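Inspection log for the structure reproduced underneath, given as C-alpha coordinates.
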Amino acid sequence: MGIRDIIEGKREWRAHVARVKALPPDYQIVYKEIQKYYFKIGPVGLVDGTLLPGILDFFEEGAAEGKGVLDRIGDDVAAFCDDLIKDSPTHADIYQESINKKISKKSQ
(Lines give C-alpha, C1' and ligand atoms only; values in the text may rest on other atoms or scores of the structure.)
Protein backbone atom coordinates (compact mmCIF):
# COMPACT_ATOMS: atom_id res chain seq x y z
CA MET A 1 0.00 0.00 0.00
CA GLY A 2 1.47 3.27 -1.10
CA ILE A 3 1.11 6.74 0.30
CA ARG A 4 -1.46 7.62 -2.36
CA ASP A 5 -3.61 4.68 -1.26
CA ILE A 6 -3.43 5.81 2.35
CA ILE A 7 -4.36 9.38 1.44
CA GLU A 8 -7.24 8.20 -0.76
CA GLY A 9 -8.45 5.90 2.02
CA LYS A 10 -8.48 8.79 4.48
CA ARG A 11 -10.37 10.94 1.99
CA GLU A 12 -12.98 8.25 1.50
CA TRP A 13 -13.33 7.71 5.25
CA ARG A 14 -13.78 11.44 5.90
CA ALA A 15 -16.47 11.61 3.21
CA HIS A 16 -18.15 8.59 4.79
CA VAL A 17 -18.11 10.21 8.24
CA ALA A 18 -19.56 13.42 6.76
CA ARG A 19 -22.45 11.39 5.31
CA VAL A 20 -23.08 9.81 8.72
CA LYS A 21 -23.14 13.24 10.36
CA ALA A 22 -25.75 14.37 7.82
CA LEU A 23 -28.16 11.63 8.96
CA PRO A 24 -30.96 12.39 11.44
CA PRO A 25 -29.91 11.87 15.08
CA ASP A 26 -31.67 8.51 15.55
CA TYR A 27 -29.95 7.11 12.46
CA GLN A 28 -26.57 8.44 13.64
CA ILE A 29 -26.90 6.75 17.02
CA VAL A 30 -27.83 3.38 15.54
CA TYR A 31 -25.17 3.63 12.83
CA LYS A 32 -22.46 4.31 15.41
CA GLU A 33 -23.60 1.34 17.51
CA ILE A 34 -23.54 -0.90 14.43
CA GLN A 35 -20.08 0.36 13.55
CA LYS A 36 -18.80 -0.37 17.09
CA TYR A 37 -20.35 -3.83 16.97
CA TYR A 38 -18.72 -4.68 13.65
CA PHE A 39 -15.36 -3.28 14.69
CA LYS A 40 -15.51 -5.53 17.74
CA ILE A 41 -16.44 -8.80 15.99
CA GLY A 42 -14.49 -8.09 12.80
CA PRO A 43 -16.55 -9.43 9.89
CA VAL A 44 -14.41 -10.08 6.83
CA GLY A 45 -16.73 -7.87 4.72
CA LEU A 46 -15.67 -4.88 6.77
CA VAL A 47 -12.21 -4.94 5.25
CA ASP A 48 -13.35 -4.85 1.63
CA GLY A 49 -15.19 -1.62 2.33
CA THR A 50 -18.71 -2.56 1.22
CA LEU A 51 -20.52 -3.34 4.47
CA LEU A 52 -20.61 0.05 6.22
CA PRO A 53 -21.20 2.10 3.05
CA GLY A 54 -24.06 -0.26 2.17
CA ILE A 55 -25.66 0.29 5.57
CA LEU A 56 -25.16 4.03 5.18
CA ASP A 57 -26.90 3.96 1.77
CA PHE A 58 -29.78 2.00 3.34
CA PHE A 59 -30.05 4.52 6.17
CA GLU A 60 -29.95 7.50 3.81
CA GLU A 61 -32.83 5.99 1.82
CA GLY A 62 -34.87 5.53 4.99
CA ALA A 63 -34.18 9.07 6.16
CA ALA A 64 -35.16 10.44 2.74
CA GLU A 65 -38.44 8.52 2.97
CA GLY A 66 -39.06 10.04 6.39
CA LYS A 67 -38.98 6.67 8.18
CA GLY A 68 -37.45 6.16 11.60
CA VAL A 69 -34.37 3.99 11.85
CA LEU A 70 -36.14 1.28 13.84
CA ASP A 71 -38.83 1.14 11.16
CA ARG A 72 -36.05 0.18 8.74
CA ILE A 73 -34.13 -2.32 10.84
CA GLY A 74 -36.49 -3.47 13.59
CA ASP A 75 -36.16 -3.21 17.36
CA ASP A 76 -33.19 -5.56 17.73
CA VAL A 77 -30.11 -3.82 16.34
CA ALA A 78 -27.80 -6.77 17.14
CA ALA A 79 -30.09 -9.18 15.27
CA PHE A 80 -30.04 -6.82 12.28
CA CYS A 81 -26.23 -6.76 12.38
CA ASP A 82 -25.94 -10.53 12.76
CA ASP A 83 -28.37 -11.13 9.91
CA LEU A 84 -26.28 -8.98 7.55
CA ILE A 85 -23.15 -11.04 8.16
CA LYS A 86 -24.67 -14.45 8.88
CA ASP A 87 -22.99 -16.05 5.86
CA SER A 88 -19.71 -14.16 6.21
CA PRO A 89 -16.84 -15.39 8.34
CA THR A 90 -15.41 -13.09 10.96
CA HIS A 91 -11.75 -12.69 11.73
CA ALA A 92 -12.48 -14.43 15.03
CA ASP A 93 -13.88 -17.42 13.10
CA ILE A 94 -10.76 -17.61 10.94
CA TYR A 95 -8.53 -17.41 14.00
CA GLN A 96 -10.55 -20.10 15.79
CA GLU A 97 -10.24 -22.39 12.75
CA SER A 98 -6.47 -21.96 12.73
CA ILE A 99 -6.32 -22.85 16.43
CA ASN A 100 -8.52 -25.90 15.88
CA LYS A 101 -6.23 -27.08 13.07
CA LYS A 102 -3.16 -26.71 15.30
CA ILE A 103 -4.85 -28.64 18.10
CA SER A 104 -5.94 -31.44 15.78
CA LYS A 105 -2.42 -31.73 14.32
CA LYS A 106 -0.94 -32.03 17.83
CA SER A 107 -3.45 -34.70 18.85
CA GLN A 108 -2.66 -36.91 15.83
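The values are calculated or read from the model by the stated rules, or taken from the named source; none is laboratory data. Everything quoted here is computed from the prediction, not taken from an experiment. For neighbour counting, all protein chains shown are included, and Cβ atoms are generated from backbone atoms with ideal geometry for every residue, glycine included. Keep in mind that these areas ignore ligands, DNA and RNA; they rest on the heavy atoms of the full protein, side chains included. Shrake-Rupley method; radii C 1.70, N 1.55, O 1.52, S 1.80 Å.
For a quick check of your reading of the filter: which trypsin sites (Lys or Arg not before Pro) in segment 77-107 sit in a DSSP loop and have no more than 13 other Cβ atoms within 10 Å? Passing sites in segment 77-107 are Lys86.
With an 8 Å cut-off on Cα pairs and a minimum separation of 6 or more residues, tell me the relative contact order of the chain in percent.
Numbers: 52 pairs, mean separation 32.8, N = 108.
Relative contact order here is 30 percent.
Around the Cα centre of the chain, unit charges on the Cβ atoms of Lys, Arg, Asp and Glu (plus for the first two, minus for the last two) sum to a dipole of about 760 debye. For volume of the Cα convex hull per residue in Å³, the listed values are (1) 115; (2) 92; (3) 149; which was obtained by calculation from the structure presented? Label of the calculated value: (1). Within the listed set Val17, Val69, Val30, the Gaussian network model of the chain (springs between alpha-carbon atoms below 10 Å) gives the highest mean-square fluctuation for Val17. When the charge dipole of the chain is built from unit charges on Cβ atoms (+1 for Lys and Arg, -1 for Asp and Glu) and taken about the Cα centre, the candidate among Gly62, Gln35, Ile103 whose Cα reaches farthest toward its positive end is Ile103. Segment 9-59 and segment 61-108 have Cα centres lying 15 Å from one another. When we measure straight from the Cα of Lys36, which lysines land under 24 angstrom away, once same-chain ones fewer than 8 places off are left out? By straight Cα distance, Lys36 reaches Lys10, Lys21, Lys67, Lys86.
Normalised per residue, the accessible area of the chain is 71 Å², obtained with a 1.4 Å probe and no contribution from ligands, DNA or RNA. Ranking Arg72, Arg14, Arg19, Arg4 by solvent-accessible area of protein heavy atoms (1.4 Å probe, all protein chains present), from largest to smallest, gives Arg4, Arg14, Arg19, Arg72. Couplings 3J(HN,Hα) of segment 92-102, computed from phi: 5, 4, 5, 5, 5, 4, 5, 5, 4, 5, 5 Hz, in residue order, whole Hz [Karplus 6.51 cos²θ - 1.76 cosθ + 1.60, θ = phi - 60°; x for Gly and Pro].
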